[in-house]
Structure formats: structure tokens, C-alpha cells
Amino acid sequence: MILETIVTTLDASGRPNAAPMGIRLEQDTVVLRPFRSAVTCRNLEAVGEGVVHFTDNVLLFARCALTSEVPPHRPAARVRGVVLDDACHWREFALVSAEQGGERALFRARVVAEGRSRDLLAYNRAQHAVVEATILATRLHLLDPGLIRDELARLRPLVEKTGGAREHEAFALVESTVRAGVPAGGVR
């Protein structure tokens, strides 16, 4: 099962990057498959450590995917990395293997520390819609723009009917990104 998370990494100079990423958890192993062109991939190759975050804040998810913003954070406890202030819980990890072939890299990492700040609430329909819309917006270079606009039109009523202020703001960010045609954050 793929879990939607936000992964933070540092570059060789210590600058943080925050990017949504679907990951797999296999007991105490985190499996990451970033695109080879992504900042996250380059940072993992350079530093070999990071933090995977679980959050119910879909505005945070959308901002990390579609802007170059790095949200408020603090140093991680055991790895060279940062923990996002608005994460419900997180796992710090250190790489144990890397496969570089193909369009995506494959990293396996050992969990070396965990933390929790609050309960992770279940997503409602609006939050699911924002996550799906955000993923579509990050694929503007891969998918037909008309298909993406059609899917956003299908998802919009879910946000309008069941979303709160965060979900509405996040969906507006997605729509403005799609109208502009290129995600502001690039491949994160």
C-alpha cells in the first residue's frame, strides 16, 4: 500500500526541501521512489537521510507540492534533516540501499527515530479530493491539460460541499497552478 506523505531532505549545504511523496512502509523500512530529476532524489543521494511526515493538513501537502515554500520546521532528533511543525507524526530514516536505474530511483531506508505531536484524523471527502487534485497538478508535464481540468471540475464539488477553509485554499492553489500551466515548485 502506498501512503501519501511529505518527505523532507537536506541538500549537501544543509538547505531543506519538503515534497509530497507516496511511500511504502515495510515494518521498520521506508521505501521511497522519487523521480531521478527530483530534488528529493538528489538530496537522498547526497545526504542519505530524511524524515517522512504524516499529516491531515492538505493545505500543507498542496503548498509543499506546488510551491518552493519550506514550511515551519525544527531539526530532526537523529538524522540530518528537519521535522515539519504541523506533522501529526513522523519517522526519521537513514538509507540502507539505493537503486539508480530507470526513471525513478528506489531507496530503502531504516527508521531510526519516530515522533508524534497529535492524532492523525481520518481524511474527509474534501481532503481526499485535494490530495488527488494536487497529484494531478504535479503531472502537468505528463498528462493532457484538458483531462486535468475535467478531473478538477469533478473534484471541486467535493471540496465545496465538505471542505473547510484549508481545503478551499488548497484547492484554489491547485486550480491556479493548473491555469498557469506549470507547478511553481517544479519537481520536488
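Things to note:
- Strands (runs of 3 or more DSSP E) completely within region 78-188 that count 1 or more residues being surrounded by fewer than 16 Cβ atoms within 10 Å (Cβ to Cβ): 89-99, 106-116
- Test: residue in region 45-66 that is in a strand (DSSP E or B), free of Cβ contacts under 8 Å to residues at least 12 places away in the same chain and more than 13 Å from the chain's Cα centre (by Cα): no
- Filtering region 18-30 to residues that are open to solvent by 10 Å² or more (accessible area, probe 1.4 Å) and either hydrophobic (A, V, I, L, M, F, W, C) or in contact with an Asp or Glu (Cβ under 9 Å, 6 or more places away or on another chain) (or both) leaves 20, 21, 22, 25.
- Verdict on residue 86 being of a type in the set (D, E, K, R), under 16 Å from the mean Cα position of the chain (by Cα) and modelled with pLDDT of 95 or more: yes
- Close contacts from region 84-112, counting a first residue that is in contact (Cβ under 8 Å) with a residue 60 or more places away in the chain and a second that is of a type in the set (S, T, N, Q), with Cβ to Cβ under 6 Å and a gap of 6+ residues or different chains, come to 87/55; 108/29; 108/97.
- Extreme residue, farthest from residue 97 (Cα to Cα), among residues of region 22-38 that are touching a strand residue (DSSP E or B) at 6+ places or on another chain (Cβ under 8 Å) and modelled with pLDDT under 95: 38
The values are calculated or read from the model by the stated rules, or taken from the named source; none is laboratory data. Owing to the predicted nature of the structure, the values given are computational and were not obtained by experimental measurement. Cβ coordinates were reconstructed from backbone atoms using ideal geometry, including for glycine residues, and neighbour counts include every protein chain displayed. In case anyone asks, the SASA skips ligands and DNA or RNA and just uses the protein heavy atoms, side chains included. Shrake-Rupley method; radii C 1.70, N 1.55, O 1.52, S 1.80 Å.
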